[in-house]
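Step one of this worksheet: look at the structure below.
The values are calculated or read from the model by the stated rules, or taken from the named source; none is laboratory data. Only a predicted model underlies this, so the values are computations on that prediction, with no experimental measurement involved. All Cβ positions, even for glycine, are placed from backbone atoms using ideal geometry, and neighbour counts span all protein chains on display.
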Amino acid sequence: MRRPTHQEHAQVAAAFDAWTPGLLGRLETVHAAVLLVDENRGRLDLALASAELAADVEAAPWDMPHAGLPLGRLVDEAWRPSLEAAALVAGWLADRVLTLRSEAVQPFLYGRALRLRDVARQGPRTAIGHVHFVTDPQGRVLGLARRTGDEAQAVQPVADLGWYLREGG
Amino acid sequence: MVEPIRVPASPSLRRWADAHGYSNEILARWERFYPDLVGLVHALETPPPRHLRLNALKADPDATLATLRAKGFRLAPTALAACWRIEEAPFAPGATEEYLMGHYHLQDLSAQLAVEALDPRPGERVLDLAAAPGGKTIQAAQAMRNTGSLHAFDPDTRRAQGLRSNLARCGVRNAAVHVRDGQAARDLDRPAHRVLVDAPCTGEGVIQRDPTRKRLHLGEYAACARTQRELLHAATAALAPGGVLVYSTCTLAPEENELQVADALQTLPLRLEPLPTTLTDLRLDGRPLLPGLTDVAGTHLPPEIRHTAHTLPHLHGCLGFYLARFRKEDA
């Protein structure tokens, strides 16, 4: 990981802006943190780190690929949020949120696709083909999912908290 | 070099060891070093208590408690503010949404004492030299309010993956995970304010979780002691003058505890400090922590070793643990 160049920071900010204007700046300000990046086979891995950690990373005698809180990655100039980023920003992006009925929470956490009727509420900017934040009825983030046009599998999990049990270690 | 302490076992002790699946050496040593061997073995034969630690980095602790209680968990307070004993669980505590969201993590009360002793502060640079699976690292990040820098080491790729996952789940953003042995910490350019060496050990204190530890042989104590010594030396090299080093284990073996500390006092620019009053005033199951042993099999150790402390399963209602707090001499 390292601090981004000015151009990289602008690229990331633009990708975050596509979700809502000023999102990256808001993240950095609210959490008094800085962006770190790591080039990884044509994509940019992103992390949010304390300022002191960022300084240590820059002064480190070896590469530090696992520093800070993972924010996801930039692929083809589009931001793919991580689970951890979803927890930080979903509350600011209510228009991109799918709120599940309580009985749909467990199936989602098992990584299962859901029906449209499993969704209690959806924000005004939810759209087929796009990735959205998924929350429980209390508004707590459960993961990310893609809306599809298939009513029986209308909510396709992209990432869910159940991953921590299945593969997180 | 620390030699394993050999204590002969009486015939009656041998029979008792056989009956409970222990090696003769372990019971003979415990009988020599600790009070109430019968009580200790009885405690080790019963399921250990379970504890959780609330994570204020991700959720309001009171809200988390209320949610868990509404789900049927019965939780009791302990002497540590964020640590709760799980008295009844309707289902696995590691399977709730709240656990997955990082609102709490599962960690024995005894293990939480190490970071209490370390007392990391916001803005500091702190090293955790044997960090996986990450409970103490998360606790340190909480105390540091996600500021400063935390460097967590583990040489095992799979364990390091688990460490990273736990840190991410709990919202830690001031930490870097290094898939390296903790000895690599000596190569970091910037000295640390505090270093935690929660050392790999023979694990006698966690027999309730891992009964294979009942059959330890004497060679294992010496092998662990060698690794611990190397970590202590690396930790001291990475620590700034005036910085704090906490050494901890989950074993009852003096070779890995008091004798290791005595060796450090002789060979490293460290002096022992009393533990913080949050620990010296602590009462677990109504009892204070047990002071470190200053007489080990006829060897008299420096009196300041009484500033180190043990928890024992039959006395304190938690797993067995040992900790010592050092201060590095000023340059």
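Computed values, structure above
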{"quantity": "Residues within region A:136-169 that are farther than 20 Å from residue B:161 by Cα, more than 11 Å from every other protein chain (Cβ to nearest Cβ) and either assigned to a strand (DSSP E or B) or of a type in the set (Phe, Trp, Tyr) (or both), tallied", "calculated": "8"}
{"quantity": "Filter result for residue B:279 (within 17 Å of the chain's Cα centre (by Cα), under 30 Å from residue B:38 (Cα atoms) and surrounded by 14 or more Cβ atoms within 10 Å (Cβ to Cβ))", "calculated": "yes"}
{"quantity": "Contacts under 8 angstrom Cβ, first residue in region B:73-94 being more than 22 Å from residue B:289 (Cβ to Cβ), partner among the acidic types (Asp, Glu), 6 or more apart", "calculated": "B:73/B:88; B:74/B:87; B:74/B:88; B:75/B:87"}
{"quantity": "Restricting region A:60-106 to residues that are over 30 Å from residue A:22 (Cβ atoms) and within 13 Å of another protein chain (Cβ to nearest Cβ), the residue that is surrounded by the most Cβ atoms within 10 Å (Cβ to Cβ)", "calculated": "A:104"}
{"quantity": "Residues of region A:23-50 satisfying the condition of being over 18 Å from residue A:7 (Cα atoms), of a type in the set (A, V, I, L, M, F, W, C) and more than 8 Å from chain B (Cβ to nearest Cβ)", "calculated": "A:27, A:30"}
{"quantity": "Count - residues of region A:26-69 that are part of a strand (DSSP E or B) and either over 14 Å from the mean Cα position of the chain (by Cα) or farther than 16 Å from residue B:141 by Cα (or both)", "calculated": "16"}
{"quantity": "So residue B:229, is it buried (at least 17 other Cβ atoms within 10 Å of the Cβ), on the phi < 0 side of the Ramachandran plot, basic (Lys, Arg) and at pLDDT 95 or above", "calculated": "yes"}
{"quantity": "Single condition residue A:120 does not satisfy, out of (1) within 14 Å of another protein chain (Cβ to nearest Cβ); (2) among the hydrophobic types (A, V, I, L, M, F, W, C); (3) surrounded by 14 or more Cβ atoms within 10 Å (Cβ to Cβ)", "calculated": "(1)"}
{"quantity": "Residue selected from region B:16-72 under the condition of a type in the set (Ser, Thr, Tyr) and within 14 Å of another protein chain (Cβ to nearest Cβ), by the criterion nearest to residue B:137 (Cα to Cα)", "calculated": "B:64"}
{"quantity": "All strands (runs of 3 or more DSSP E) inside region B:142-201 with 2 or more residues being surrounded by 23 or more Cβ atoms within 10 Å (Cβ to Cβ) and more than 8 Å from chain A (Cβ to nearest Cβ)", "calculated": "B:149-153, B:192-198"}
{"quantity": "Residue match in region A:91-104 (condition: without any contact (Cβ under 8 Å) to a residue 12 or more places away in the chain and either not acidic (Asp, Glu) or not in a helix (DSSP H, G or I) (or both))", "calculated": "no"}
{"quantity": "Enumeration of residues in region B:1-50 that are among the hydrophobic types (A, V, I, L, M, F, W, C), part of a helix (DSSP H, G or I) and touching a residue at least 60 places away in the same chain (Cβ under 8 Å)", "calculated": "B:26, B:30, B:33, B:40, B:43, B:44"}
{"quantity": "Test: residue B:229 is charged (D, E, K, R), under 30 Å from residue B:34 (Cβ atoms) and more than 14 Å from every other protein chain (Cβ to nearest Cβ)", "calculated": "yes"}
